Amino acid sequence: MSSKVISVDNLVKRYKELIALDHFSMDVDEGQILGLLGPNGSGKSTTINCILSILEFDSGDIKVFGKKMTPKSYDLKRLIGIVPQEVAVYDEFTVYENIDFFCGLYIKDKEERKKLVNEAIAFVGLQDFVKFKPGKLSGGLLRRLNIACGIAHKPKLIFFDEPTVAVDPQSRNNILEGILKLRQGGATIVYTSHYMEEIEQICDRVIIMDKGQAIASGTVDELKGMIKKSELIRIEVPGLDEDTLSKINELKNIYTVSYEDNILKVEAGSGKHNVIDIINILQDRGLRLKKIFSEQPTLNDVFLEFTGKELRDDL
Amino acid sequence: MMMFKYSLKKTLSNRMFIFWSFVFPVTLMFFFHLAFSSIYADQNTIEPRDVGVIYEADNPFTSFFGTVTGRIDVLNIVDEDEETLYDLLGQNEIEGIYIVKEDIVEVAMCPKYSETDSMIIKTVADYYIREYDLVEQALTSGDMDTVNSMIDNLNSQTDYVSQKTGIYQEETNPYNWYYYATIVMGIMFQAMAGVNLVAELQADVGERKVAMRTSVSPVSKTVIVLTGFFSRLLVSIVISSFSLFCMDRFFDIPVGKRMPQLILFILASNMFALSMGEMFGLFFKGPVHTRGNKGTALIMTSVFLSGEMIATLPGMFERYLPIVNDINPATVLNFALYRLVYYEDLTSFYIEIVKIVLLTVLFLTVATMKLRRQKYASL
């Protein structure tokens, strides 16, 4: 049984009249990648800042590695790494010096630090830029430096606060692959983003946040299973008869079936084998399939169903 | 040690800080040197005037006149016969001729004589005639002290600046005030290091929000603040010391001979500037460069009021509104440095230092309290 790395219970944070976190609770298991998904201002960063004790909260309880987290929990802070939303490095230092400085806040031994810094540089692929100052780096390279500064001391718990904002697709993929590698190395990760594709790609569990509340949580499939929105299947298949249509209609999870201009349209509920089941029926009857499309519900659909608004509207 | 090393590097890499605290003041002093270095000397040095003496009588009055004028610094007696002297006078080769009669001295000036020439040459004659009775008595009684005293008086009338013996240990020069004000300005700009120091602890202030990282690190805020403060103080002290060295060696402006007190001044003034910078960083609103700009505006105002551009300004305030000098940090620092260099009695220097130290303690206390309560993250 995996132990809880983070335990947040009934967290409330107010900024004057605004309730930033409204009785928010969450748990993160060891070795897990937890995604916090929500639009800007939904409370993701506030949650992280409260967990890290750099922001006071009004009520609630936060435990990290089973211990209460306070601003002076230096033993716990030693185990934590942070990759902030904005690139947080010194312009005056080179790439190497930046990573060495931030790693030095955790690791005093010079030799050990040197080894860790070089590993971090290799991990993010900045070997060719160690003597560059941040001002000379591209946006993607800066993001990589930002990550290296947060992970060089090999933390057991890492917070990634929207690390891919304004990053090109290639760098974004590199970052996501890096996060998966860190998990493989044993780190527990909290990942916030408003890019649902990223969350779907790397997170074991997702908490969807809106207005400071957790409106849904679970695995990606579990979340998609919570909504009514169906999978839309379209198959170009000539010569379909009524008997075949009724046979498809009898399948489990099928809501509606229609056929027009050689296109079969099927709306199905949540299920992993909907397309296969339909194709099996069509092939049994010797029909020739030309094109097959399947549109799965997205986390945006989940967000839409729970909040009545599009996740993308706030981006 | 690692943090101290990087903090030093950060401070030394801050070009704006180095410019305002060192490059700008030294450059300004260089231009002051070009503009002022000869003015004071020119104003206070009188070239000897070439004069001739024609004796029309032979008595003690005439014979002693020759003795007296031969010992006066501002006169260069040209020893020629009467005809030659008049020729030289007519060609403006000499400024004047004393015509010494039985009991009177007449003065003939050259055609292009100046008011200064006239004043100097006539003053000597007038003084001699006026004081001759005294000299005659002295000569009769053989009292040479009185005679020497009279000659000294004649020489001293050429000094335009009279100094109160016992107050000043160095020769004062009003233009030096500009240099001291510039040194103080450089020290005041060390405040920018204080602004940057606190910005590094405020996630919503810094250009790069590094405070987020330092805040979640296992290093206590006290260690971060103290490391940043002392590394910056070290840089500030080196810069101030080097600026004073430049002023003394390259621009020939004295820093005095009291090394312990000078070190005390450098230490106290730089600590004051850093703590003042922390206050700017904590109480001004906006991003770090905005806070820095507001601080710069305040510093420039303070430096202006201390006489950086108009050296007589502090004197004017002293007469009409002395409170301005008392509360203006740049003036307090200027007075401290000026009095350290020039005054024999250091009581007033120590009073200024006490003011600086008290303000520093106040600023540091307020800054520490404010920093401890600081909430870093924004929504």
For this session: Spot the failing condition for A:Gly41; the list is (1) assigned to a loop (DSSP other than H, G, I, E, B); (2) under 16 Å from A:Phe160 (Cα atoms); (3) facing another protein chain (nearest Cβ under 9 Å); (4) not acidic (Asp, Glu), and only one is missed.
Result: (2)
For this session: Only one of these is modelled with pLDDT under 90 and touching a strand residue (DSSP E or B) at 6+ places or on another chain (Cβ under 7 Å): A:Ser193, A:Ser171. Name it.
Result: A:Ser193
Problem set entry | Every pair of residues 6+ apart whose Cβ atoms lie under 6 Å, when the first sits in the stretch A:79-92 and is more than 7 Å from chain B (Cβ to nearest Cβ) while the second is part of a loop (DSSP other than H, G, I, E, B) and not hydrophobic (A, V, I, L, M, F, W, C) | A:Leu79/A:Pro155; A:Leu79/A:Lys156; A:Gly81/A:Pro155; A:Val83/A:Pro163; A:Gln85/A:Glu162
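Which of the following residues is more than 10 Å from chain B (Cβ to nearest Cβ), crowded, with 21+ Cβ neighbours inside 10 Å, more than 15 Å from B:Val216 (Cβ to Cβ) and in contact with an Asp or Glu (Cβ under 6 Å, 6 or more places away or on another chain): A:Val124, A:Val117?
Within the list A:Val124, A:Val117, the selection yields A:Val117.
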Exercise. Before we move on, is B:Ile97 surrounded by 18 or more Cβ atoms within 10 Å (Cβ to Cβ) and modelled with pLDDT of 90 or more?
Worked result: yes
Exercise. Out of all the residues in the stretch A:52-66, is one or more surrounded by 19 or more Cβ atoms within 10 Å (Cβ to Cβ), in contact with a His (Cβ under 7 Å, 6 or more places away or on another chain) and at pLDDT 90 or above?
Worked result: no
Seminar exercise, completed: Subset of the stretch B:12-27, residues part of a helix (DSSP H, G or I), within 9 Å of chain A (Cβ to nearest Cβ) and in contact (Cβ under 8 Å) with a residue 40 or more places away in the chain, comes to B:Leu12
For this session: Please go through the stretch A:1-30 and pick out each residue that is loosely packed, with under 12 Cβ neighbours inside 10 Å, among the hydrophobic types (A, V, I, L, M, F, W, C) and either under 14 Å from A:Ile207 (Cα atoms) or within 14 Å of another protein chain (Cβ to nearest Cβ) (or both).
Result: A:Leu18
Exercise. Is there a residue in the stretch B:67-81 that is touching a residue at least 24 places away in the same chain (Cβ under 8 Å), part of a helix (DSSP H, G or I), β-branched (Val, Ile, Thr) and surrounded by 16 or more Cβ atoms within 10 Å (Cβ to Cβ)?
Worked result: yes
Exercise. Given the conditions (1) modelled with pLDDT under 90; (2) of a type in the set (Gly, Ala, Ser); (3) outside any loop (DSSP other than H, G, I, E, B), which single one is not true for A:Ala166?
Worked result: (3)
Exercise. Among the residues of the stretch A:19-36, is any within 21 Å of A:Ser59 (Cβ to Cβ), free of Cβ contacts under 8 Å to residues at least 40 places away in the same chain and part of a loop (DSSP other than H, G, I, E, B)?
Worked result: no
Exercise. For the stretch A:245-312, which strands (runs of 3 or more DSSP E) that fit wholly inside it have 3 or more residues that are hydrophobic (A, V, I, L, M, F, W, C)?
Worked result: A:263-268
Exercise. Of all residues in the stretch A:201-215, which are more than 14 Å from the chain's Cα centre (by Cα) and either aliphatic (A, V, I, L, M) or not assigned by TED's automatic domain parsing to the domain that holds A:Asn173 (or both)?
Worked result: A:Ala214, A:Ile215
For this session: Tell me, yes or no, whether the stretch A:92-112 has at least one residue that is touching a strand residue (DSSP E or B) at 6+ places or on another chain (Cβ under 6 Å) and closer than 24 Å to B:Glu200 by Cβ.
Result: no
Exercise. Which of the residues that make up the stretch B:289-329 are buried (at least 21 other Cβ atoms within 10 Å of the Cβ) and within 12 Å of B:Met192 (Cβ to Cβ)?
Worked result: B:Arg291, B:Gly292, B:Gly295, B:Ile299
Exercise. What number of residues within the stretch B:207-245 satisfy the criterion of being more than 14 Å from chain A (Cβ to nearest Cβ) and surrounded by fewer than 18 Cβ atoms within 10 Å (Cβ to Cβ)?
Worked result: 7
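The values are calculated or read from the model by the stated rules, or taken from the named source; none is laboratory data. Worth saying up front: this structure is predicted, and the values here are computed from it rather than measured. For neighbour counting, all protein chains shown are included, and Cβ atoms are generated from backbone atoms with ideal geometry for every residue, glycine included.
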